[in-house]
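Visitor: Can you read through this structure? Questions will come right after.
Nothing in this text is a laboratory measurement; each read-out follows from the coordinates by a stated rule. Quantities reported herein were computed from a predicted structural model and do not represent experimental measurements. Here the Cβ is made from the backbone with ideal geometry for all residues, glycine too, and neighbour counts use every protein chain on show.
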Ligand code: GTP
Ligand code: MG
C-alpha cells in the first residue's frame, strides 16, 4: 500500500476543533519521545509533516493529518514526560480522554514503545485502556536501528510479556531512520479500516 498524499489539517485542544467530516481516524499514542511524530513522517515520506524533537514533550496538541484525501492519522501528545507540572499533566489527561473515549471515527490505535526498554507502568495502563475500550492494538517497538541483532527476540518477549499482549493484537519492530518494512507496517495499520482501492 502507498501513501500518496498527506497534509496537516489542524492542531486541536478540544472536540469542537476536531475535523467534522466523519473520516476514519487512526491514532498514535505512547510515551513522550517514543517516536510517534517521527513514525508519521516516515510513513508519509515527509521530513517535517509532524514536528519532532529530541526533547520530550514536543507534541502538545492533537494533530490531525489527512492521508490520501481519505482518512486521518492523529498524532497525540506523549505521556510520561517528567518535566511536566501536575496541572499540565491533568490538562493532558483531559485532552486525551476527550479524544480517545468518545470518538466514533477512531478505528485503530497504534501504541509505540521504545524497543530498547521495558514498557513502563504508563505503557501498560495505555495498553489496558486500549483493550478496555475494545480497540485492536498495534504495538510498534520503535528505534530498532539502535538494537543489536541479539536483542530483537529478547526485547520482543519482554515487551509482549510486560504489556500482556493478546493474540489478536499485532507487534512489530520499526525504525523511522532506516524505514525497513514500511509498506508492511502501513498495511498492518490500515488493514480492515481503509479500502484498498483508495491507497
Ligand atoms: P512527543 O511529541 O514528545 O510525544 O514525542 P514523539 O513520540 O512524537 O517523538 P519524536 O518523533 O519527536 O522523536 C523523539 C526523538 O527520537 C527524536 O530525536 C527522533 O529523532 C528520535 N527518533 C524517533 N524515531 C527514531 C528511530 O526510529 N530511530 C532513532 N535512532 N531515533 C528515532
Ligand atoms: Mg510528537
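Visitor: Rounded to the nearest 5, what is the percent of antiparallel bridges among the DSSP beta bridges in the chain?
Guide: The answer is about 35 percent antiparallel.
Visitor: Calculate I(q)/I(0) for region 6-190 by the Debye formula, one identical point scatterer on each C-alpha and no solvent, and give its log10 at q = 0.08, 0.09, 0.10 Å⁻¹ to two decimals.
Guide: For region 6-190, the Cα-only Debye profile gives -0.23, -0.29, -0.36.
Visitor: If we count other beta carbons within 10 Å of each Cβ, what is the order of 94, 117, fewest first?
Guide: 94, 117
Visitor: Rounded to the nearest Å, what's the spacing between the alpha carbon centres of region 71-94 and region 161-195? Just the number, please.
Guide: That distance is 23 Å.
Visitor: Take residue 89 and residue 104, extend 7 Å from each Cα along the Cα→Cβ direction, and tell me the distance between the two endpoints in nm.
Guide: Modelled inter-label distance: 3.5 nm.
Visitor: Roughly speaking, what is the stretch gain from residue 117 to residue 161, that is 0.36 nm per residue apart minus the C-alpha to C-alpha distance, in nm to one decimal?
Guide: Gain in length upon complete extension: 14.6 nm.
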